[in-house]
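Okay, so here's the structure we're looking at.
The values are calculated or read from the model by the stated rules, or taken from the named source; none is laboratory data. As the structure is a prediction and not an experimental result, all values here were calculated from the model. FYI the Cβ positions are ideal-geometry reconstructions off the backbone, even for glycines, and counts take in every protein chain you see. SASA here: full protein model, heavy atoms, side chains in, ligands and nucleic acids out. Shrake-Rupley method; radii C 1.70, N 1.55, O 1.52, S 1.80 Å.
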Amino acid sequence: MKQLITIALAFLAFQGIYAQETIDLFNGKNLDGWVNHGEEKWYVENGELICESGPKAEYGYLSTEDFYGDFELTLEFKQEADGNSGVFIRSTFDGTKVSGWQVEVAPPGLHTGGIYESYGRGWLIKPDPELDKNLKMGDWNTMKIRAVDTKITSWLNGVKMVELDDEKIGAGKGAVALQIHDGGGIKVKWRNIKIKPITAQ
């Protein structure tokens, strides 16, 4: 009986939120709706959004003009060369200094799907090393990020990578952003960047 009550309560809690219509964050033609932070290269080619190291080989970010709180984000990425990047959520920017949280996109063995807090606590959670086999370096990968209140969950190619419940992230407000890491020699392609805002009823 207790199990039935628990299931019923969970169902009612689930009914308290609903997903709105999906928004295409990238139109496949230009960078409308995005803000470039830094001097690294961001451009559109063959319907793909591409980030590439510039002459200074510093950190660079491309953030949405709009802020998103609770949402489900899906996108595809393809790493070329080094491929060290990331997807930031609930983030704000002062030049190339970012306040927010990154779902890692990195070469094999470097914790793709984990959650990192820049200029703060550092790594909050890393995936089980065994899950790294789900990364397809040099090919297209699908990442999904679900952020609802204090809970953040990431998936890579349909496999759950991490789940984190964190009060500080829950209080965060800001944009979605793509990162290019410093150090040079990095190139990452992105496409099908879609977000579905989630609103509490």
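A few comments on the model shown:
- Test for Lys168: is it closer than 21 Å to Phe77 by Cβ and either of a type in the set (S, T, N, Q) or not in a strand (DSSP E or B) (or both): no
- If you go through segment 44-81 and pick out every residue that is open to solvent by 60 Å² or more (accessible area, probe 1.4 Å) and part of a strand (DSSP E or B), you end up with 5.
- Asn134 at pLDDT 95 or above, within 20 Å of Lys196 (Cα to Cα) and either of a type in the set (S, T, N, Q) or surrounded by fewer than 18 Cβ atoms within 10 Å (Cβ to Cβ) (or both): no
- Yes/no for Ile152 being in contact with a strand residue (DSSP E or B) (Cβ under 7 Å, 6 or more places away or on another chain), more than 25 Å from Ser53 (Cβ to Cβ) and either open to solvent by 40 Å² or more (accessible area, probe 1.4 Å) or among the aliphatic types (A, V, I, L, M) (or both): yes
- Residue match in segment 83-99 (condition: part of a strand (DSSP E or B), free of Cβ contacts under 8 Å to residues at least 12 places away in the same chain and open to solvent by 30 Å² or more (accessible area, probe 1.4 Å)): yes
- Every pair of residues 6+ apart whose Cβ atoms lie under 7 Å, when the first sits in segment 134-147 and is under 16 Å from Asp82 (Cβ atoms) while the second is open to solvent by 70 Å² or more (accessible area, probe 1.4 Å) and not in a strand (DSSP E or B): Leu135/Pro108; Met137/Pro108
- Residues of segment 101-117 satisfying the condition of being farther than 12 Å from Tyr61 by Cα and under 14 Å from the mean Cα position of the chain (by Cα): Trp101, Val103, Glu104, Val105, Ala106, His111, Thr112, Gly113, Gly114, Ile115, Tyr116, Glu117
- Here Thr142 clears all of (1) of a type in the set (S, T, N, Q); (2) more than 20 Å from Cys51 (Cα to Cα); (3) modelled with pLDDT of 95 or more; (4) open to solvent by 20 Å² or more (accessible area, probe 1.4 Å) except the condition numbered (2).
Yes/no matrix, rows are residues, columns are (1) among the β-branched types (Val, Ile, Thr); (2) on the phi > 0 side of the Ramachandran plot; (3) open to solvent by less than 50 Å² (accessible area, probe 1.4 Å):
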{"residue": "Pro107", "(1), (2), (3)": "no, no, yes"}
{"residue": "Gly113", "(1), (2), (3)": "no, yes, yes"}
{"residue": "Gly138", "(1), (2), (3)": "no, yes, yes"}
{"residue": "Val148", "(1), (2), (3)": "yes, no, yes"}
{"residue": "Gly170", "(1), (2), (3)": "no, no, yes"}
{"residue": "Val176", "(1), (2), (3)": "yes, no, yes"}
{"residue": "Gly183", "(1), (2), (3)": "no, yes, no"}
{"residue": "Ile193", "(1), (2), (3)": "yes, no, yes"}
